[in-house]
Amino acid sequence: MTASHSPFVSLVGAGPGDPELLTLKAYRLIQAADVVVYDRLVSDEIMALVNPDAELLFVGKKLSQHCVPQDQINQILVDKALEGKHVVRLKGGDTFIFGRGGEELETLVEHNIGFEVVPGITAASGCSAYAGIPLTHRDHAQSVQFIAGHLKKEGRDIEWQSLAHNNHTLVFYMGLKQAPVIKTNLIAHGLASDTPCAIIERGTTSQQRVLTAQLCDLEDIANQAISPSLIIVGSVTRLHKKLSWFK
Ligand code: SAH
């Protein structure tokens, strides 16, 4: 971090779980931090690498069970930074992919607090790599899309017709509970009911599990999986059996 006593926050992505997927920059920052504000998705192994003298503030979030509301998290960052502490805001995966990092930075800007952003390996990238599922492949998919599977109460609906293409990979974050909706809408908009799909549970960790099925049976594997899990839909998931390497 830029060494200075002016208020400053490092917004850091911790990757999907395996501590070796931290960037060197993230590693250096968590070892130098005075305060680490972290989420449920940051693995215990990564927390074990944090400066032992740092103050740890857990603001873990789980769908429909927010431990600390977003505006309070924003306020904690502001207050700790104004105390002159070296604050690291540590989030699972990448801070700008379904991480609300942008909202936290907007609050810092409003309070004239400096910041830096350290990208992390997002779950789609880390989990697919560890499951042997290339997100694109010349024979299967020329594009990939990341979608938030849970539907925000007042948010816009997913545009299903733009997702249902054969040569396309879909990665749903936070989608387990919505598996029936995902299945029904993708099939209604033209995807074959036998389109292969996979769920990667606790990807990149020693507890990683990969479940595969056809789209028409997505709910069955979703019912067996626990959070955090990613849903991948598309023929690339067929490669898992051949390219799986992580035990
Ligand atoms: N900012 C994070 C995503 C936060 S949203 C990132 O870039 O990865 C939380 C969702 O991410 C979870 O519900 C799950 O769908 C996914 N996720 C995060 N870590 C995961 C992991 N290790 N294995 C499977 N899915 C994961």
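How about the stretch 76-147: which trypsin sites (Lys or Arg not before Pro) there are in a DSSP loop, with at most 16 other Cβ atoms within 10 Å of their Cβ? Provide the component values of the computation, followed by the final result.
Working: sites: Lys80, Lys85, Arg89, Lys91, Arg100, Arg138; in loops: Lys85, Arg100, Arg138.
Filter output for the stretch 76-147: Arg100, Arg138.
Pairs of lysines 8 or more apart, or on different chains, with alpha carbons under 30 Å: count those in the stretch 123-243, would you? Walk me through the numbers on the way to the answer.
Values: Lys152/Lys177; Lys152/Lys183; Lys153/Lys177; Lys153/Lys183; Lys177/Lys241; Lys177/Lys242; Lys183/Lys241; Lys183/Lys242.
So the count of such lysine pairs works out to 8.
For Phe246 and Asp157, what is the calculated FRET efficiency with R₀ set at 35 Å and r taken between the beta-carbons, to the nearest 0.05? My answer for the efficiency is 0.50. Place a label point 7 angstrom from the Cα of Asp194 along the Cα-to-Cβ direction, then list the residues of the stretch 203-230 whose backbone nitrogen is under 17 Å away. Output list for this probe position: 213-218. With contacts taken as Cα pairs under 8 Å at a separation of at least 6 residues, the chain carries a relative contact order of 20 percent.
Mind checking which of Gly101, Ala32, Gln161 is farthest towards the positive end of the chain's charge dipole, using Cβ charges of +1 (Lys, Arg) and -1 (Asp, Glu) about the Cα centre? Of the options given, the answer is Gln161.
Note on the chain: with a GNM built from Cα contacts shorter than 10 Å, the maximum mean-square fluctuation among Thr184, Thr122, Thr237 falls on Thr184.
Restricting attention to the stretch 8-118, close to 15% of DSSP beta bridges with both partner residues there are antiparallel.
Rounded to the nearest 5, what % of the DSSP beta bridges within the chain are antiparallel ones?
Details: 18 of 43 bridges.
Beta bridges within the chain, antiparallel portion: roughly 40 percent.
Compared with the alpha-carbon gap, the fully stretched path from Gln214 to Arg28 is longer by 62.7 nm at 0.36 nm per residue. The distance from the alpha carbon centre of the stretch 77-140 to that of the stretch 188-247 is 25 Å, rounded to a whole number. Take every Cα pair under 8 Å whose residues are at least 6 apart in sequence, average their separation, divide by the length of the stretch 8-118, and the relative contact order is 42 percent. The fraction of accessible area contributed by carbon and sulfur in the stretch 8-118 is 52 percent, rounded to a whole number (1.4 Å probe; ligands and nucleic acids excluded). Accessible area per residue for the chain is 50 Å², calculated with a 1.4 Å probe on protein heavy atoms, without ligands, DNA or RNA. Ranking Ile200, Ala141, Asn185 by how far each Cα lies toward the positive end of the dipole of the stretch 123-243 (charges on Cβ) leaves Ile200 at the top.
Using only side-chain charges placed at the Cβ, +1 for Lys and Arg and -1 for Asp and Glu, the dipole size of the chain relative to its Cα centre rounds to 640 debye. 3J(HN,Hα) along the stretch 130-142: 6, 9, x, 10, x, 5, 10, 6, 4, 8, 10, 8, 9 Hz, from the Karplus curve 6.51 cos²θ - 1.76 cosθ + 1.60 with θ = phi - 60°, whole Hz, x for Gly and Pro.
Label positions at Lys177 and Ser206, each projected 7 Å from the Cα along the C-beta direction, are separated by 3.1 nm.
Fully extending the segment from Val68 to Asp53 would add 3.1 nm, taking 0.36 nm per residue of separation and subtracting the current Cα-Cα distance. When the chymotrypsin sites (Phe, Trp or Tyr not before Pro) in the stretch 89-195 are filtered for DSSP coil states and for at most 15 other beta-carbon atoms within 10 Å of their beta-carbon, no site remains. Think of each Lys and Arg Cβ as +1 and each Asp and Glu Cβ as -1; about the Cα centre, that makes the dipole of the stretch 162-247 roughly 320 debye.
What does the charge dipole of the stretch 94-216 about its Cα centre add up to, to the nearest 20 debye, if the Cβ of each Lys and Arg holds +1 and the Cβ of each Asp and Glu holds -1? Mind dumping the intermediate values first?
Numbers: 9 positive and 12 negative charges, 103 e Å.
Computed charge dipole of the stretch 94-216: roughly 500 debye.
Split the accessible area of the stretch 143-201 by element, probe 1.4 Å, and carbon with sulfur accounts for 51%.
With r defined as the distance between the Cβ atoms of Asn223 and Glu20 and R0 fixed at 45 Å, what FRET efficiency is calculated, to the nearest 0.05?
Computed FRET efficiency for Asn223 and Glu20: 0.90.
Less than 5 angstrom separates the built amide H of Val9 from those of Gly114, Phe115, Glu116, all sequence-distant by 5 or more or on a different chain.
The values are calculated or read from the model by the stated rules, or taken from the named source; none is laboratory data. These figures come from a predicted structure and were not determined experimentally. Because the Cβ atoms are built from the backbone with ideal geometry, glycine has one as well, and the counts that use them run over all protein chains shown. Surface accessibility is based on the protein's heavy atoms, side chains included, excluding ligands, DNA and RNA. Shrake-Rupley method; radii C 1.70, N 1.55, O 1.52, S 1.80 Å.
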